[in-house]
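Just below is one structure, and these are the notes that go with it.
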Amino acid sequence: MAKEWESWMKFNAVEVLTEEQVAALPQDAEVIGTRWVHTDKNKKTRMMLAATSKRTKKTQEQIDREHPLSAKSRIVVQGNQESDTGIRSDSPTASLLAFNLVCFVAVMMGWLVRAYDASTAYLQAKGIARLLILRPPRPPPPGISIHDLFRAKGSIYGTKDAGRSWWIKLLQDAKAEGWIPSKIEAALFFLYDGDVLVGVMVTHVPRGRPLRLRKWLQV
């Protein structure tokens, strides 16, 4: 939980409002709740290994020892409380055809396919234009009172447009590094050295599932 709050502070995700700032808020300003979501990143791995234990001959004790609890906490905006009027929430995600194309090109070229995850991706996304006021989760982060209010400075996990904001950030950074978006699929990119194709990439930005990993494949 402390690590998650450190990430919020590192990426300037919110501003803690003073009493004067709270008093100056518009009368119709929405105040949206947040909550903690706790997960064990190794849980699925243990489940998969347990399901194949007859073949691998691994005991549950071995599995638990090799893949112990890997705790992760995330502060998530309760986006269901937010009015969606005028909020664009779509974000391009690679199709199965585009994924298969990456695999096909990799085999033809003899390339190694790699998958990457952007850590705390949404906190690094494009800033937020609308006024979004948040309540702290319970228990509140260190140094924060349950009576404090935050002003969101970015599209945080759980907001309706978080996925799209991250996609815009990803698109801008990819183009800055020389990747060229496909004209027929927005989540497919190509990289050239002169006229020679040297890389192909597909991106995945989940929609409606803010806790899933943001992954993309890159060659």
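Some notes on this structure:
- Residue that is nearest to the chain's Cα centre (by Cα) [pool: residues in the stretch 153-185 that are part of a strand (DSSP E or B) and modelled with pLDDT of 90 or more]: PRO181
- Criterion (under 20 Å from the mean Cα position of the chain (by Cα), farther than 30 Å from LEU171 by Cα and either at pLDDT below 95 or in a helix (DSSP H, G or I) (or both)) met by exactly one of LYS58, LYS44: LYS44
- Lone qualifier among VAL105, VAL77 - being modelled with pLDDT of 95 or more and either within 30 Å of PRO181 (Cβ to Cβ) or over 27 Å from the mean Cα position of the chain (by Cα) (or both): VAL105
- Any hit, the stretch 181-191, residues being under 20 Å from LEU134 (Cα atoms) and surrounded by fewer than 18 Cβ atoms within 10 Å (Cβ to Cβ): no
- Candidates are the residues of the stretch 7-42 that are free of Cβ contacts under 8 Å to residues at least 12 places away in the same chain and small (Gly, Ala, Ser); the one that is farthest from PRO140 (Cα to Cα) is ALA24.
- Qualifying residue in the stretch 32-40 (condition: under 26 Å from the mean Cα position of the chain (by Cα) and over 21 Å from GLY79 (Cβ atoms)): yes
- The conditions of being touching a Ser or Thr at 6+ places or on another chain (Cβ under 9 Å), charged (D, E, K, R) and in contact (Cβ under 8 Å) with a residue 60 or more places away in the chain are met by ARG74.
- Just one of (1) surrounded by 12 or more Cβ atoms within 10 Å (Cβ to Cβ); (2) free of Cβ contacts under 8 Å to residues at least 12 places away in the same chain; (3) of a type in the set (Gly, Ala, Ser) fails for SER155. It is (2).
- Enumeration of residues in the stretch 114-137 that are in a loop (DSSP other than H, G, I, E, B), free of Cβ contacts under 8 Å to residues at least 60 places away in the same chain and more than 13 Å from the chain's Cα centre (by Cα): ILE128, ALA129, ARG130
Every residue, every condition in (1) in contact with a strand residue (DSSP E or B) (Cβ under 6 Å, 6 or more places away or on another chain); (2) farther than 22 Å from THR39 by Cα; (3) surrounded by 13 or more Cβ atoms within 10 Å (Cβ to Cβ), yes or no:
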site	(1), (2), (3)
ASP64	no, no, yes
ASN80	no, no, no
SER83	no, yes, no
ILE87	no, yes, yes
ASP90	no, yes, no
ASN100	no, yes, no
GLY110	no, yes, no
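The values are calculated or read from the model by the stated rules, or taken from the named source; none is laboratory data. Quick caveat, the model's predicted, so the values are computed rather than measured. Reconstructed Cβ throughout: ideal geometry from the backbone, glycine too, with neighbour counts over all protein chains shown.
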